[in-house]
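The values are calculated or read from the model by the stated rules, or taken from the named source; none is laboratory data. If you're wondering where the values come from, they're calculated on a predicted model, not measured in any experiment. Methodologically, a virtual Cβ is constructed for each residue, glycine included, from the backbone with ideal geometry; neighbour enumeration extends over all protein chains shown.
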Amino acid sequence: MSDQTGAAIQALLEENRTFPPSPEFVAQANANDPAIYDRAAADPEGFWAGYAGELDWFEKWHTVLDWEPPHAKWFVGGKLNAAYNCVDRHAKGPRRDKVAILFEGEPGDVRKITYGELYKEVCRTANALKSLGVGKGDRVAVYMPMVPELAITLLACARIGAPHSVIFGGFSAESLRERINDCGAKALVTADGGWRRGGVVKLKEAADEALQDTPTIEKVLVLRRVGEAAPPATNNGGVGSRPATNNGGVNMVEGRDVWWHDIVPAQPAECAPEPMDSEDILYILYTSGSTGKPKGILHTTAGYLTGVYATSKLVFDLKEDDVFWCTADIGWVTGHSYIVYGPMANGATCVMYEGAPDTPDRDRFWEIIEKHRVTIFYTAPTAIRTFMKWGDAFPQGRDLSSLRLLGTVGEPINPEAWIWYRETIGGGRCPVVDTWWQTETGHMLITPLPGIVATKPGSATRPFPGIDADVVNERGESVPLGGGGYLVIRKPWPGMLRTLWGNDQRYREVYWSRFNGVYFPGDGAKRDEDGYYWLLGRVDDVMLVAGHNISTMELESALVEHPAVAEAAVIGKKHDIKGQSPVAFVTVREGYRTDAAMADELKAFVARKLGAVCRPDEIFFSGDLPKTRSGKIMRRLLRDIAEGRILGDTTTLADPAVVSSLRDKYAGEEG
Ligand code: ATP
Ligand code: MG
């Protein structure tokens, strides 16, 4: 439905607080002249070329952009190497003894690797991969815990021109197998295991299961991370099934599997970087698959590197002495772009943490910030809401005064959580950058520049300079300010995906066919009177209630404003008269009741905030919500539960038990 404004999705929540950057922050910011926006809009290619020029090239490009919709080529004719840009150029200069990777394992082990050391490690690993027969263009699957060797492996692949495809270490053998086979990987880099919540995630065991049916894999490089601490393998389930060799209980297949420590340290610490064409593939990364069969997002070298370099520099305001911590796993794009390629292209010190935020206690993150004097902290709204639920005592017990900038990514952040983050973690002094982007976009597209843009809680504010975004209705017409609709990006940007691996047709269909010639990310958004963007979640999650298109995210945000609510997921359930009716799944904060009176109170609260049409028909209390392994709520499964359908694919869930128990409870209460 469209109202008079032409809006496709209604804009309901109003949030009027604004937070301009402090004069001190502005004075020191990497970007503090608002003219950057006009300059980039007038000449986006020139704008991006300026940042590309800050990278090191073996040969300069001749054409900035070659755009034949929907295919873009950036910096055509150029030659460069991503690992050279992230490592060599720092290792050769004054940053040689600067810490590149500041690693903390879950058990508490700390390693600090300087750019000089990183250079040698990357070269050795690159040589080891070559010795295993990996060459330019061969795909390498990577299935590892969050340890320095994971970042080193990515850089080693980039060095020799072998596209990497990282599969998140929490994924099952089945997910690993499917992704290896889709990209036809020649080698796998994995580990015996990694530490998580005091236990061992047995990666090699899962890999062995996957490798029973992966015809293209020839070699497997295995890092020993947990060592003898790993419980013995039970390959045949029976007594006496332990392998003959003493491999710490790890099954090593003769001729296929090689220990990292047996081959990498012995390699020469020099390996010439492969001169890569700007458009050569840097990596393939499968999206988490919360919306169906995983898509192999393909990123190339020069445009991607330029995009992550520029956004890291301007949005994180990176300075020489910053200690930067992005809490994402490198298994997600956030880790690719903002642990490895973006910050390292800038020569930053990057924190990597292996384990869980509540091990050994619920202040682990704050302890890490205190101990390593972290200055920039980037995490997900789901984590922030969890920290809120745990209570303020944990952060308050630690010294967080080193922080100077905070960021979020992954989901819309509701204003309550944003304010909590700013006050309780940032002490009210750190700008908060809410950054919207996707695996597909490669780097941030909608985000504040912290030294220029006044922020509003819950808004990703405005497109990054050079990004031409819009909000449109069903017909693709721009919706006036104040209205909501579909987010689109009108012009190509350097880090955009080039296609889907092996499926260009699907690439065209998914991203470029909804609105002719413009990129459709699949998200809803509204713009306020100041032109600020407010992301409304996936359009698949929008409800149609009595003729109104309502974003589930706005109801969730309203619910979370109630003091009792820690987290909420709203769905539209089929309804005979209204079409759909809102149903809310709610997790309460510790100490609050979950009875009929509370449900009524919450229904009234939402109706008061957003209007009667938004009043949830049902409130369902749940200790947990089904989330993907990257922490996003899977509303599709909640719809299945509410409508009594068979549950759809649950393989990408962090904890499949949550949905089945939710389904049983729901069925019980519905009678
Ligand atoms: P899949 O596409 O496989 O279902 P996914 O979309 O969860 O997985 P990502 O590419 O990691 O995988 O996530 C991008 C999506 O996350 C965006 O399309 C958007 O829905 C959401 N998102 C990311 N950052 C923000 C943000 N700052 N504000 C609102 N939503 C965000
Ligand atoms: Mg997506």
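Looking at (1) within 12 Å of ligand 1 (Cβ to nearest atom); (2) part of a loop (DSSP other than H, G, I, E, B); (3) of a type outside the set (Val, Ile, Thr), which is the only condition Tyr511 fails?
In the conditions (1) within 12 Å of ligand 1 (Cβ to nearest atom); (2) part of a loop (DSSP other than H, G, I, E, B); (3) of a type outside the set (Val, Ile, Thr), Tyr511 misses (2) alone.
Report the residue count in the range 122-147 for those that are under 28 Å from the mean Cα position of the chain (by Cα) and either within 13 Å of Ala272 (Cα to Cα) or surrounded by fewer than 21 Cβ atoms within 10 Å (Cβ to Cβ) (or both).
Matching residues across the range 122-147 total 7.
For every residue, the table says whether it meets (1) within 16 Å of ligand 2 (Cβ to nearest atom); (2) buried (at least 18 other Cβ atoms within 10 Å of the Cβ); (3) among the polar types (S, T, N, Q).
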position	(1), (2), (3)
Thr594	no, no, yes
Glu601	no, no, no
Arg608	no, no, no
Val613	no, no, no
Phe620	no, yes, no
Leu625	no, yes, no
Ser630	yes, yes, yes
Met634	yes, yes, no
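Inspect all residues belonging to the range 657-670 and state whether any of them is in contact with a helix residue (DSSP H, G or I) (Cβ under 9 Å, 6 or more places away or on another chain), part of a loop (DSSP other than H, G, I, E, B), away from ligand 1 (no atom under 16 Å from the Cβ) and touching a residue at least 24 places away in the same chain (Cβ under 8 Å).
No, the range 657-670 contains no residue that is in contact with a helix residue (DSSP H, G or I) (Cβ under 9 Å, 6 or more places away or on another chain), part of a loop (DSSP other than H, G, I, E, B), away from ligand 1 (no atom under 16 Å from the Cβ) and touching a residue at least 24 places away in the same chain (Cβ under 8 Å).
For Ala328, indicate whether it is more than 16 Å from ligand 2 (Cβ to nearest atom) and of a type outside the set (Phe, Trp, Tyr). Walk me through it before giving the result.
Working: more than 16 Å from ligand 2 (Cβ to nearest atom): no; of a type outside the set (Phe, Trp, Tyr): yes.
No: the conditions fail for Ala328.
Tell me, yes or no, whether the range 305-316 has at least one residue that is basic (Lys, Arg) and part of a helix (DSSP H, G or I). I'd like the intermediate steps shown before the answer.
First, the residues of the range 305-316 that are basic (Lys, Arg): 313.
Then drop every residue that is not part of a helix (DSSP H, G or I), which leaves 313.
Yes, there is a match, as at least one residue in the range 305-316 is basic (Lys, Arg) and part of a helix (DSSP H, G or I).
Kindly indicate whether any position in the range 561-568 is within 16 Å of ligand 2 (Cβ to nearest atom) and out of contact with any Gly (no Cβ under 7 Å at 6 or more places or on another chain).
Residues of the range 561-568 within 16 Å of ligand 2 (Cβ to nearest atom): none.
No, there is no match, as no residue in the range 561-568 is within 16 Å of ligand 2 (Cβ to nearest atom) and out of contact with any Gly (no Cβ under 7 Å at 6 or more places or on another chain).
Go through (1) in contact with a Lys or Arg (Cβ under 6 Å, 6 or more places away or on another chain); (2) within 21 Å of Met146 (Cβ to Cβ) one by one and return the number of the condition Pro275 breaks.
It fails just one condition, (2).
Are there any strands (runs of 3 or more DSSP E) wholly within the range 349-412 with 2 or more residues that are buried (at least 18 other Cβ atoms within 10 Å of the Cβ) and more than 18 Å from the chain's Cα centre (by Cα), and if so which?
Numbers: elements: 349-353, 376-379, 405-408.
Qualifying strands (runs of 3 or more DSSP E): none found.
Of everything in the range 526-549 that's in a strand (DSSP E or B), under 15 Å from Lys573 (Cβ atoms) and touching a helix residue (DSSP H, G or I) at 6+ places or on another chain (Cβ under 9 Å), which residue is farthest from ligand 2 (Cβ to nearest atom)? Steps first, answer last, please.
In the first step, residues of the range 526-549 are kept if they are in a strand (DSSP E or B); the result is 526-527, 533-538, 542-545, 548-549.
Narrowing the set further to residues that are under 15 Å from Lys573 (Cβ atoms) leaves 542-545.
Filter once more, so that each one left must be touching a helix residue (DSSP H, G or I) at 6+ places or on another chain (Cβ under 9 Å): 542-543, 545.
On the way: Val542: 15, Met543: 19, Val545: 24 Å.
So, considering only residues that are in a strand (DSSP E or B), under 15 Å from Lys573 (Cβ atoms) and touching a helix residue (DSSP H, G or I) at 6+ places or on another chain (Cβ under 9 Å), the one farthest from ligand 2 (Cβ to nearest atom) is Val545.
Hey, among the residues in the range 474-487 that are assigned to a loop (DSSP other than H, G, I, E, B) and surrounded by 21 or more Cβ atoms within 10 Å (Cβ to Cβ), which one's farthest from ligand 2 (Cβ to nearest atom)? Before you say what the answer is, go through the steps one by one.
Residues of the range 474-487 that are assigned to a loop (DSSP other than H, G, I, E, B), as a first pass: 474-477, 479-483.
Applying the additional criterion that residues be surrounded by 21 or more Cβ atoms within 10 Å (Cβ to Cβ) yields 479, 483.
Details: Val479: 22, Gly483: 24 Å.
By that ranking, first place goes to Gly483.
Can you tell me which residue is nearest to ligand 2 (Cβ to nearest atom) among those in the range 439-448 that are out of contact with any strand residue (DSSP E or B) (no Cβ under 6 Å at 6 or more places or on another chain) and in contact (Cβ under 8 Å) with a residue 60 or more places away in the chain? Can you show your working first?
Start the filter on the range 439-448 by keeping residues that are out of contact with any strand residue (DSSP E or B) (no Cβ under 6 Å at 6 or more places or on another chain), which leaves 441, 443-445.
Imposing the further condition that a residue be in contact (Cβ under 8 Å) with a residue 60 or more places away in the chain reduces the set to 441, 443-444.
Numbers: Thr441: 10, His443: 15, Met444: 15 Å.
My answer is Thr441.
Out of the residues in the range 632-656 that are of a type in the set (Lys, Arg) and under 24 Å from Thr386 (Cβ atoms), which is nearest to ligand 1 (Cβ to nearest atom)?
Taking the range 632-656 first, the residues of a type in the set (Lys, Arg) are 632, 635-636, 639, 645.
Checking which are under 24 Å from Thr386 (Cβ atoms) leaves us with 632, 635-636, 639.
Working: Lys632: 5, Arg635: 11, Arg636: 10, Arg639: 15 Å.
Here the residue is Lys632.
Picking from Thr447, Thr435, Thr455, which residue would you name as being hydroxyl-bearing (Ser, Thr, Tyr), in contact with a Pro (Cβ under 7 Å, 6 or more places away or on another chain), buried (at least 22 other Cβ atoms within 10 Å of the Cβ) and closer than 25 Å to Phe316 by Cα? Walk me through how you get there before you give the answer.
Numbers: Thr447 fails: in contact with a Pro (Cβ under 7 Å, 6 or more places away or on another chain); Thr435 fails: in contact with a Pro (Cβ under 7 Å, 6 or more places away or on another chain).
It is Thr455.
Tell me the residue from Gly428, Gly451 that is more than 24 Å from Met496 (Cβ to Cβ) and without any contact (Cβ under 8 Å) to a residue 24 or more places away in the chain, please. Step through it out loud before you land on a result.
On the way: Gly451 fails: without any contact (Cβ under 8 Å) to a residue 24 or more places away in the chain.
Gly428 is the lone residue from the list that is more than 24 Å from Met496 (Cβ to Cβ) and without any contact (Cβ under 8 Å) to a residue 24 or more places away in the chain.
When you scan the range 463-480, do you find a residue that is within 21 Å of Phe324 (Cβ to Cβ) and either modelled with pLDDT of 95 or more or out of contact with any Phe, Trp or Tyr (no Cβ under 6 Å at 6 or more places or on another chain) (or both), even just one?
Yes.
What number of residues in the range 644-656 are in contact (Cβ under 8 Å) with a residue 24 or more places away in the chain, aliphatic (A, V, I, L, M) and part of a loop (DSSP other than H, G, I, E, B)?
The total comes to 1.
Do you know which of the residues in the range 507-525 that are within 16 Å of ligand 2 (Cβ to nearest atom) and under 22 Å from Gly303 (Cα atoms) is surrounded by the fewest Cβ atoms within 10 Å (Cβ to Cβ)?
Trp512
Does the range 134-153 include one or more residues that are in a strand (DSSP E or B) and of a type in the set (Lys, Arg)?
Residues of the range 134-153 in a strand (DSSP E or B): 140-143.
Okay, now just the ones that are also of a type in the set (Lys, Arg), so none.
No: zero hits.
Every residue, every condition in (1) closer than 27 Å to Gly194 by Cα; (2) β-branched (Val, Ile, Thr), yes or no:
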| position | (1), (2) |
| --- | --- |
| Ala272 | no, no |
| Met276 | no, no |
| Lys295 | yes, no |
| His299 | no, no |
| Ala328 | yes, no |
| Ile339 | yes, yes |
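Any idea which residue in the range 612-636 is nearest to the chain's Cα centre (by Cα), counting only those that are assigned to a loop (DSSP other than H, G, I, E, B) and farther than 23 Å from Pro656 by Cα?
Among them, the one singled out is Pro616.
Can you run down the residue pairs with Cβ atoms below 8 Å, 6 or more apart or on separate chains, where the first is in the range 497-513 and closer than 19 Å to Asn181 by Cβ and the partner is among the charged types (D, E, K, R)?
Leu500/Lys295; Leu500/Arg506; Trp501/Asp182; Gly502/Asp182; Asn503/Lys295; Arg506/Lys295
Return yes when Thr594 is within 16 Å of ligand 1 (Cβ to nearest atom), in contact (Cβ under 8 Å) with a residue 24 or more places away in the chain and over 21 Å from Ala417 (Cα atoms) and no when it is not.
Details: within 16 Å of ligand 1 (Cβ to nearest atom): no; in contact (Cβ under 8 Å) with a residue 24 or more places away in the chain: yes; over 21 Å from Ala417 (Cα atoms): yes.
No; evaluated as a whole, the condition is false for this residue.
Looking at Glu416, is it more than 16 Å from ligand 2 (Cβ to nearest atom), surrounded by fewer than 20 Cβ atoms within 10 Å (Cβ to Cβ), over 21 Å from the mean Cα position of the chain (by Cα) and among the charged types (D, E, K, R)? Lay out the reasoning, then the answer.
On the way: more than 16 Å from ligand 2 (Cβ to nearest atom): yes; surrounded by fewer than 20 Cβ atoms within 10 Å (Cβ to Cβ): no; over 21 Å from the mean Cα position of the chain (by Cα): yes; among the charged types (D, E, K, R): yes.
For Glu416, the condition - more than 16 Å from ligand 2 (Cβ to nearest atom), surrounded by fewer than 20 Cβ atoms within 10 Å (Cβ to Cβ), over 21 Å from the mean Cα position of the chain (by Cα) and among the charged types (D, E, K, R) - is not met.
Do you know which of the residues in the range 166-186 that are small (Gly, Ala, Ser) and surrounded by fewer than 24 Cβ atoms within 10 Å (Cβ to Cβ) is nearest to Asn81 (Cα to Cα)?
Pass one, the range 166-186, residues small (Gly, Ala, Ser): 169-170, 172-173, 175, 184-185.
With the extra rule that they be surrounded by fewer than 24 Cβ atoms within 10 Å (Cβ to Cβ), the set shrinks to 170, 172-173, 175, 184.
On the way: Gly170: 30, Ser172: 32, Ala173: 32, Ser175: 30, Gly184: 23 Å.
The residue in question is Gly184.
Could you please find all residues in the range 280-302 being away from ligand 2 (no atom under 16 Å from the Cβ) and either part of a strand (DSSP E or B) or surrounded by 21 or more Cβ atoms within 10 Å (Cβ to Cβ) (or both)? So that I can check it myself, show each step before the final result.
If we filter the range 280-302 for residues that are away from ligand 2 (no atom under 16 Å from the Cβ), which is where we start, we get 280-283, 300-302.
Matches in the range 280-302: Ile281, Leu282, Tyr283, Thr300, Thr301, Ala302.
Using the structure shown, decide if Asp576 is in contact with a strand residue (DSSP E or B) (Cβ under 7 Å, 6 or more places away or on another chain), over 30 Å from Trp332 (Cβ atoms) and of a type in the set (Asp, Glu). Walk me through it before giving the result.
Numbers: in contact with a strand residue (DSSP E or B) (Cβ under 7 Å, 6 or more places away or on another chain): no; over 30 Å from Trp332 (Cβ atoms): yes; of a type in the set (Asp, Glu): yes.
Against the criterion (in contact with a strand residue (DSSP E or B) (Cβ under 7 Å, 6 or more places away or on another chain), over 30 Å from Trp332 (Cβ atoms) and of a type in the set (Asp, Glu)), Asp576 does not qualify.
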